[in-house]
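Please read the structure below before turning to the comments.
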Amino acid sequence: VQSERSAKITLYKGGSSDSVLSSATPNDGLYAHAIAINETAASDYKIRVESGDSSSIYDESDANFSIATPSITVTSPSSSDTFEPGESTTIQWNSTVPSGATIKLVLYKSASIIETITSSTANDGSYSYTFPGGLVNGNDYKIRAYDNNSTSGTTVLDDSSAFSIQAS
């Protein structure tokens, strides 16, 4: 279909049209599309590309592909951890947010923000952190991880288990 001027690209789910990704993109063999964060997670998606001039000229994915729901899970610190003010640790998380995303990390005590640990770090699963001095003792500290690249209005986030700060 190289002589065609444009192509229509449609996302199919379960054999039915789900959404038109582009009604007229240049027929150059390339099309970049960011999957919406609220797209239904499933494993029965296909892409159909059809001629902009004739809907009877088309091709579609040879096999189904999956769209996963983006998530972040903070794995460390955990509920069994106790830290002293000024102590260093490594914050760890698992993530299925898109590649290239950055993560924001925030320290909470109960529901109150203590500090923004970092407003943007690579989504590589770990961040070295030193707790500030002067923290009060408590067993209700948490670290919250946010996906900085959420564009749909739905925030992808997770809190660590509550852990303790105990001055020596």
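Once neighbouring chains are kept in place and the probe is 1.4 Å, which whole percent of the accessible area of the stretch 4-49 is contributed by carbon and sulfur? Provide the component values of the computation, followed by the final result.
Numbers: 1320 of 2720 Å².
Ligands and nucleic acids excluded, carbon and sulfur reach 48 percent.
Toward the positive end of the charge dipole of the stretch 53-158, about the Cα centre and with charges on Cβ (Lys, Arg +1; Asp, Glu -1), which of Ala68, Pro98, Gly138 goes farthest?
Gly138
What residues from the stretch 54-76 fall in the zone where the backbone N is under 18 Å from a label point 7 Å along the Cα-to-C-beta line of Ser126?
73-76
For the charge dipole of the chain, defined by +1 on Lys and Arg C-beta atoms and -1 on Asp and Glu C-beta atoms about the Cα centroid, which residue among Pro77, Thr121, Ala111 has the Cα displaced farthest towards the positive pole?
Farthest along the dipole direction, towards plus: Ala111.
Multiply the residue gap between Ser17 and Ser168 by 0.36 nm, knock off their C-alpha separation, and tell me the result in nm, one decimal place. Mind showing how you got there, number by number?
On the way: separation 151, 0.36 × 151 = 54.36 nm, distance 6.22 nm.
Here the segment from Ser17 to Ser168 would lengthen by 48.1 nm.
Which entry in (1) 2, 8, 16, 19, 17, 12, 9, 5, 3, 2, 2, 2, 1, 1, 0, 0; (2) 2, 8, 14, 15, 12, 10, 9, 7, 7, 6, 5, 4, 2, 1, 0, 0; (3) 2, 9, 18, 22, 20, 14, 8, 5, 2, 0 matches P(r) over Cα pairs in 5 Å bins from 0, in percent derived from the coordinates of this structure?
Checked against the structure: label (2).
If the cut-off is 28 Å between C-alpha atoms, which lysines fall inside it for Lys46, apart from same-chain ones fewer than 8 positions away?
Lys8, Lys13
Give the separation of the Cα centroids, the stretch 58-80 to the stretch 100-164, in Å.
The stretch 58-80 and the stretch 100-164 have Cα centres separated by 21 Å.
Taking just the alpha-carbon atoms of the stretch 57-127, what radius of gyration and Dmax come out, in angstrom?
Looking at the stretch 57-127, its Cα Rg and Dmax stand at 17.9, 67 Å.
So how much accessible area does Lys8 have, in Å² to the nearest 10, using a 1.4 Å probe?
60 Å²
Which aspartates and glutamates have a Cα less than 19 Å from the Cα of Lys142, not counting those fewer than 8 places away in the same chain?
The reachable aspartates and glutamates, counting only those whose Cα sits under 19 Å from Lys142, are Asp81, Glu84, Glu87, Glu115, Asp158, Asp159.
Using the Cβ atoms and a cut-off under 15 Å, what net charge is assigned to the surroundings of Thr89, where Lys and Arg are +1 and Asp and Glu are -1? Kindly include the intermediate steps, with their values, before the conclusion.
On the way: positive: Lys142; negative: Asp81, Glu84, Glu87, Glu115.
Result for the neighbourhood of Thr89: -3.
The values are calculated or read from the model by the stated rules, or taken from the named source; none is laboratory data. Keep in mind that what you see is a predicted model, and the values were worked out from it rather than measured. When we count neighbours, we look across all protein chains shown, and the Cβ atoms used for this are built from the backbone with ideal geometry, even at glycine. These accessible areas exclude ligands, DNA and RNA; they are computed on the full protein's heavy atoms, side chains included. Shrake-Rupley method; radii C 1.70, N 1.55, O 1.52, S 1.80 Å.
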